[in-house]
Amino acid sequence: MPRFTFRADEIPFKREEKYVGVVLNSTLHNIFANHYKKKATAAQSSAHGGLFGLEHHVGRGNIPIRTSLQLYTALVDCHLIHGADVCPDVDSTTLRQLEAVQASTLRRILGLGTRSSKTVLFTELGVFPLRTRRLILCLSYLQYLLDLPPTHLAHLALEVSEDLYNARHSSWMGDLDAMVSSYSSPSTPVHALPLIDSLSRDTIDFIIRSIKRSQRATHDEKINASTSLYLLHGRLEPQDDGPPKQITACLRHYLNQVTIPDHRFAMTRILLGANNLHGVHSETSTAPIALQQCRMCHVHLETPEHMLLQCVADDETIVIRNEFKQRLADITHRRFSPAVFTDGAALFWLRSVLFDWNAAPVVARWIYHTTRRWKALSLLPCEVSAEISWNSERDNEREHI
């Protein structure tokens, strides 16, 4: 084995070394495997020590969602995207370590459990899945390399990488092209990377836009195919000014407008199918109809619209419902015309108030107190806090309704 020296000092051989912050290992099939592992650990530590550590001082859920996302970007995301420009994610096993940290952090921000849908984490918060975000950063780095002078070492390395790819050898360009091609589908085609001579900033911008479009289409397909997310089917996002419109992913209106954490958590869980109601199941569920019936009236399927608008087996639930109707009328001047809802009408009215720009705090309060009432009867094992009482001072002071 040859000896390398620097100013008479011998340079030792190492199996693992960190170069410009990226951990390299020469004995593993994926030379970046340990880098992914270390960054996943660092991101997890930052999430628990920084973002969620702050909650121990201010209370669970008391950090505004927008602020939580800013802290996520500053403390967690920086580790998750580290090295994305030089490490195309062709190894899904190592990438899953980072994706798990992203999912657990976003679930904590939304107040969802570990078995909740991953897709809604991105559609509700307006965050890109890590695989897509890292690929876009890698393509942006390719734009930077193309803008360098032809004599620049990094540009020369890019040309060598393309030569290796054309010769069917492992290379950075080959990995990047494989990642780009994986986003192509019949409905949303994404073109493969052309040769360097044909590449331009505009071409890469077009590929990035195609990848984003493909990701949005994937989100829509998964939500529309999920039976537990039926409240989100065909959703139109309300706007501060102007009519509502379809937006696949953004920071949703209710997450900003509902300021009481328990109310926001309750509304989020009902909307995103994380509510433990007997009648809400995934598309793979084999639960018999008898086990999906309402635990109050034992007649109807136990769904959010039934619990909130239809069930008349509990007097306190009816009182909460009538108070909500009055509050809604006072704020939005909308009134529920039918006294008893059919299944279709109940679903229509529930969707209409869930996606009303001005009604979010009132609706969240109604959902919280209804689910809390059912939990008090030991009928619904929902994860809602009992910190806020029906007529507590905190409730009255913070709602301003």
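Remind me, what semi-axes does region 125-188 give for its equivalent ellipsoid, largest first in whole Å, using sqrt of 5 times each Cα gyration tensor eigenvalue?
Result for region 125-188: semi-axes of 25, 16, 9 Å.
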Whole number in Å², please: accessible area per residue of region 55-134, 1.4 Å probe, ligands, DNA and RNA not counted.
42 Å²
What residues have an amide H closer than 5 Å to that of GLU237, excluding those fewer than 5 places away on the same chain, when H is modeled at 1.01 Å from N in the peptide plane?
LYS245, GLN246, ILE247
If contacts are Cα pairs under 8 angstrom and at least 6 residues apart, what is the relative contact order of the chain in percent?
12 percent
With all pairs of different alpha carbon atoms counted, what Kirkwood hydrodynamic radius in Å does region 217-317 show?
15.5 Å
Enter the angle in degrees (range 0 to 90, nearest 10) between the Cα long axis of helix 153-166 and the first principal axis of the Cα atoms of the chain, meaning the one along which they spread out most.
80 degrees
With +1 on the Cβ of every Lys and Arg and -1 on the Cβ of every Asp and Glu, and nothing else charged, how large is the dipole of the chain about its Cα centre, in debye rounded to the nearest 20?
560 debye
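Determine the per residue accessible area of region 299-357 with all protein chains present and a 1.4 angstrom probe, expressed in square angstrom.
48 Å²
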Taking 0.36 nm per intervening residue step and subtracting the Cα-Cα distance, what contour gain separates CYS250 from GLU159 on full extension?
28.9 nm
For region 191-296, what does the accessible surface come to per residue with a 1.4 Å probe? Please give it in Å².
48 Å²
Sort the following peptides by mean Cβ neighbour count (other Cβ atoms within 10 Å, averaged over residues), highest first: 21-29, 78-86.
78-86, 21-29
Place +1 on the Cβ of every Lys and Arg and -1 on the Cβ of every Asp and Glu in the chain, take the dipole about the Cα centre, and give the residue among TYR230, THR248, ILE367 whose Cα lies farthest towards its positive end.
ILE367
Cβ crowding within 10 Å averaged over residues, with 52-59, 190-197 ranked highest first
190-197, 52-59
Top of THR303, THR332, THR151 by mean-square fluctuation, Gaussian network on the chain, Cα under 10 Å:
THR151
The chain: C-alpha pair distances exceeding 37 Å, %
36 percent
note: region 193-261, Cα-Cα separations exceeding 17 Å make up a percent value of 62 percent
Sort 341-347, 37-43, 119-125, 2-8 for me by packing, meaning the mean count of neighbouring Cβ atoms within 10 Å per residue, highest on top.
119-125, 37-43, 341-347, 2-8
For region 1-66, the percent of accessible surface on carbon and sulfur atoms (probe 1.4 angstrom, ligands and nucleic acids excluded) is 56 percent
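The values are calculated or read from the model by the stated rules, or taken from the named source; none is laboratory data. From a predicted model like this one, the values you see are computed outputs, not experimental measurements. Methodologically, a virtual Cβ is constructed for each residue, glycine included, from the backbone with ideal geometry; neighbour enumeration extends over all protein chains shown. Remember, those area values only see protein heavy atoms, side chains included, never the ligands or the DNA or RNA. Shrake-Rupley method; radii C 1.70, N 1.55, O 1.52, S 1.80 Å.
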